[in-house]
1. What list of ³J(HN,Hα) couplings, whole Hz, do you get for segment 164-170 from phi and the Karplus terms 6.51, -1.76, 1.60, once you set θ to phi - 60° and write x for glycine and proline?
2. Can you give me the long-range amide H partners of Ala506? Hydrogens built in the peptide plane at 1.01 Å from N, cutoff under 5 Å, separation of 5 or more residues or another chain.
3. Out of residues 5 or more away from Ala562 or on other chains, whose amide H comes under 5 Å of its own, with H placed 1.01 Å from N in the peptide plane?
4. Could you check the simple spin-label distance between Lys686 and Glu519, using points 7 Å along Cα→Cβ, in nm with one decimal?
5. Using 0.36 nm per residue, how much length does the chain from Arg363 to Gln47 gain when fully extended, once their Cα-Cα distance is taken away?
6. Please compute the modelled spin-label separation between Ser301 and Phe374, points set 7 Å along Cα→Cβ, answer in nm with one decimal.
7. Near the amide H of Thr666, under 5 Å away, which other amide H atoms are found, from residues 5 or more places off or on another chain, if H is placed in the peptide plane?
8. For Tyr217 and Leu651, calculate 0.36 nm times their separation in residues minus their Cα-Cα distance, and state this gained length in nm to one decimal.
Amino acid sequence: MGYLKNMENWRQIHGAGLTTALFTILLTFSNQTDLSAQRQMTLGAFQNVPQQNQINPAISSESKWYVGIPLLSGLSASYRNSSFTPAQFGLNQPGGPDFLQAAAFADSINYVSGEAYVEDLAFGINVGKNFFSLSIGERFMANMQYPRELLNWIGLERTKAEIPYGETFDLGDWNFSASHYREIALGFGSKLFNDKLSLGGRAKLLLGQASVQGQSYNMRLWRRPDFDYNYEITGRMDIMASGFEHFEEGASFIQPFGKANKGVAFDLGAQLQLGNLRIFASVTDLGRIQWNQNNTLTSVSDIAVDADEIFESTKHNLTYEGDRGATAFSTELVTKIYGGGQIEIGKRHALSVMVNPRLHLGRTEMNGSAAYRFHTGKVLDLIASYNVSEERGNQIGFGATVNLKPVQIYFATDKATSVFSRNSQKDFQFVAGINLLFGKADIPKKDFALEPDALPVTPMSKDAAANNTIAPMDDNMGAAPKAEYEKYFTFYGTVVDDETDEPLDAIYVDIYVLGPDEEKELIHTSRYPGHTFNVPLFQNNLDHEISVGSYGYGRQTLRFTADRDLLIHEFRMSDGYWAPEEPPISTKSGETVFASLKEEAEITFQTRGVDTDILAADIGEDLSTIPMESMKSTPVEDTYEITQRTSFRSLPDPQATVMKRLAVGTKLELLEKTDSDWWKMKLDGKTGYVKRRLLESVQ
């Protein structure tokens, strides 16, 4: 232990005014940082921001893989002072901090705390149903409890005021701590039960860089009538420190992997997807850092001392003290719990709620949040949140993401006023960063219509349809159908958003048989959690109608005849409430008859822009072996017609001005095949752009 009693050695330390150093460093450091743990509740309402994985390791990026911009991908900070604002402390004044002014706003006992995080490296990748993440970052934490008398004492000393002899400053309630450690986190997660349940975890190696903890034991300063040593200290303050050898002259402040002070922590999370509803729960930062070696213990007690030398001498002893064999101590991490849910409403809106208890040293702090997300288009998402904190009260937050492919920029704060009016707020919080996102995560294949275990499904009888049940299956499931039903018909459908090409979940499917007078009789109704469905029926020559819907989208209908093996169709849904009807599809006499099931699948998938390799993998046949001459094709002409209601736009962009709404069958003249998505067309003497996939050549 190093006791501050050798006054001659103190005389070798220069630099007056350092009585304010420790307090100012802790306070201004905390102005950028919150040991009671950062609040990142608004961040939880985002979509496809990789850093959400820090809140819940069961959340995977929607991108195939991502890379964080070094030192910029994850920046976050929070701060809280229980008594006064930065402006009241005078941080922006020309003369620097005004402790006496701050004391006027302080309570008898006050608290200041903060935390900051800088992400050095971030990487993540999706591999099938599994996802992996790696991050390396720097974490800084500070926390201090201090009495009002500390502010008065420092303020009087800085202004050189005449302090009466015998004046006593009670600093018995003064204690503080600050730490810096490097966090190396490796995460793993997996999707289970047809992707409905995601489980994830993360292990963290904590490399302690530096730490200091100070505890006062009835410490008091008594003003004594002595020119050289003008204070008598009674009681004591013990200051434990580790890692301060990094601050010695010639030493390296950056220690890439640390030496002896290490710790571990763990994060665990789960997420359940039920249609458009996502339910999640997680616990993070279960762990601690143990400071074992190169520790020092400095005690300030029972001495006569000059005020200007107290902190300077203490800092010197912590940094240069030769005996570094003091008792080990630890830094407990703040354990954070997250739980809540989010529901998607259509393709543009989402509502979420979250509870966020925080546990530290036997104390629990309750927090909660409700947020709304608005997806304005492919580029911008906006978040508004209402956050409730036990210590900080109710606050309005906001956030935004800008996606410029592959660059993603995000920002969020749980308290908007602290961003726009920093100096007038007692607390502050934000999180921001820049990521590079590449590709889209693999969408696992759903059950396909021709898989063996899907074929022996008997369609509804009329009586069963009335009760929404499936007719009993033949006892001999492996045998051929009954004689009156020679073959099966299967309707295989996919449902995607017309604007974003994203698959839609929670699909509603109804199938009717049409009578002579267009009377409809329901024969099948079902709901599917994913974006694909297959409905098996027996082949017949009757006309049918299928109606497909998804929450927030207009229903689409399609007429067909169930007289073939397989019918494949992609439903492109709009959030408008119109339901385009396509002409009946049939293979009756006099119309095109596909040579085989493979040929029909190949042509249907090609015209719909679906990868035939996916189809081949699903039905177990190599479609590439089909002779191209057997494929039915349509010659390219100058005149095209609209196959589905759409818009005639001024530019090849879904956000461009709509010049005219186009009905099914509208004919246009081709001017230029602009790209794979848009063609330049002419209509009534006007030039505009139409989506290529909605055009069909007029023969």
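1. Values, residue by residue: x, 5, x, 5, 10, 10, 8 Hz.
2. Gly530
3. Asn540, Leu542, His544
4. Distance between the two pseudo-spin positions: 4.6 nm.
5. Working: separation 316, 0.36 × 316 = 113.76 nm, distance 3.20 nm.
Extra length from Arg363 to Gln47 when fully extended: 110.6 nm.
6. 6.2 nm
7. Ile642
8. Working: separation 434, 0.36 × 434 = 156.24 nm, distance 7.38 nm.
Separation in residues times 0.36 nm, less the Cα-Cα distance, equals 148.9 nm.
Coordinate-derived values only; no laboratory data. None of these values were measured; they are calculated from a predicted model. Note: ideal-geometry Cβ built from the backbone for every residue, glycine included; neighbour counts use all protein chains shown.
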